[in-house]
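Some notes on the structure that comes next.
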Amino acid sequence: MEANNSDGGGSPETPATENMTTISHHYFGDSNGSDDAISITVIESMKEDYGLFVWPCSIILAEYVWQQRSRFQGVSVVELGAGTSLPGLVAAKVGAAVVVTDDSDRLEVLDNMRRVSELNNIKCEVMGLTWGVWDESIFSLRPQVILGADVLYDSSAFDNLFATVKFLLEKSPGSVFITSYHNRSGHHLIEFLMVKWGLKCVKLLDGFSFLPSWKASGLSGNIQLVEIVLSDVAKN
């Protein structure tokens, strides 16, 4: 993957400071600035391995949330492995009640989530949530929508991720997991894991099929977006 700090057509990043941070600006809606357009400012860091970059999958998922914004108004949303939290921030901006999460041990990432929420004057709850760990925090969550941008990058973590997703879906009947990912090894591995964990794909899109051209021109890769539900729900 490669980092993209200007959101495929957004404004240039602020020069790096001595603590290796940059500010990037991300725009949604009419690029000419219509009344319903929004912008999100994100603090990125060169210090953290990967959790504090805005990756292409995050841009694509955030755009999908924006285009589906009527679907997110007034619903509860949890973003898993949120990192810079761009999709979750967009969801909150359009009226969702959002909890953004990342690994409980990644304190710098969690702190950055709080800073970015404050910077954008957006109310998001920030929570440490480690996939596959059943601590007190996860039992309080009942999301109607689960978001995850590029969370399917480490195959050794797939089972913990899908176990967490299934647990959350079971706690909220009718809920859905929406994730964008680089299709590095084909969709078959994800299909296998969905069957293993009692899940099913109900929508699969090319990530560039709905992306505005002024954003798509700054991104690359074979990126897909999928909506996943419990198998028994999908059969009804």
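Values as computed for the structure displayed
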{"read-out": "Selection within the stretch 102-122 - hydroxyl-bearing (Ser, Thr, Tyr) and in a loop (DSSP other than H, G, I, E, B)", "value": "104"}
{"read-out": "Residue within the stretch 123-144 that is within 24 Å of residue 224 (Cβ to Cβ), part of a helix (DSSP H, G or I), of a type outside the set (Asp, Glu) and over 16 Å from the mean Cα position of the chain (by Cα) present", "value": "no"}
{"read-out": "Selected residue [out of contact with any strand residue (DSSP E or B) (no Cβ under 7 Å at 6 or more places or on another chain), in contact (Cβ under 8 Å) with a residue 60 or more places away in the chain, open to solvent by less than 10 Å² (accessible area, probe 1.4 Å) and not in a loop (DSSP other than H, G, I, E, B)] from 161, 168", "value": "161"}
{"read-out": "Unmet requirement for residue 33, which otherwise passes all of (1) at pLDDT below 95; (2) surrounded by 15 or more Cβ atoms within 10 Å (Cβ to Cβ)", "value": "(2)"}
{"read-out": "In the stretch 175-214, residue least open to solvent (accessible area, probe 1.4 Å) [restricted to those that are over 24 Å from residue 78 (Cβ atoms), of a type outside the set (A, V, I, L, M, F, W, C) and part of a helix (DSSP H, G or I)]", "value": "213"}
{"read-out": "Residue selected from the stretch 83-108 under the condition in contact (Cβ under 8 Å) with a residue 60 or more places away in the chain and surrounded by 24 or more Cβ atoms within 10 Å (Cβ to Cβ), by the criterion farthest from residue 53 (Cα to Cα)", "value": "90"}
{"read-out": "Checking residue 111 against (1) in contact (Cβ under 8 Å) with a residue 24 or more places away in the chain; (2) of a type in the set (Asp, Glu); (3) open to solvent by 20 Å² or more (accessible area, probe 1.4 Å), the condition it does not meet", "value": "(1)"}
{"read-out": "Scope the stretch 118-145; condition crowded, with 18+ Cβ neighbours inside 10 Å and farther than 22 Å from residue 107 by Cα; matching residues", "value": "143, 144, 145"}
{"read-out": "Per-region count, the stretch 49-65, residues over 14 Å from residue 181 (Cβ atoms), surrounded by 24 or more Cβ atoms within 10 Å (Cβ to Cβ) and of a type outside the set (Val, Ile, Thr)", "value": "3"}
{"read-out": "Answer from 54, 78 - the residue that is among the aliphatic types (A, V, I, L, M) and at pLDDT 95 or above", "value": "78"}
{"read-out": "Pair list, Cβ < 8 Å and 6+ apart or interchain, from the stretch 141-153 residues that are at positive phi to residues that are assigned to a loop (DSSP other than H, G, I, E, B) and modelled with pLDDT of 95 or more", "value": "150/81"}
{"read-out": "Close pairs from the stretch 190-218: first within 12 Å of residue 64 (Cα to Cα), partner at pLDDT 95 or above and open to solvent by 80 Å² or more (accessible area, probe 1.4 Å), Cβ under 8 Å, at least 6 apart", "value": "210/67"}
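The values are calculated or read from the model by the stated rules, or taken from the named source; none is laboratory data. Quick caveat, the model's predicted, so the values are computed rather than measured. For neighbour counting, all protein chains shown are included, and Cβ atoms are generated from backbone atoms with ideal geometry for every residue, glycine included. Side chains included, ligands, DNA and RNA excluded: accessible areas come from the protein's heavy atoms. Shrake-Rupley method; radii C 1.70, N 1.55, O 1.52, S 1.80 Å.
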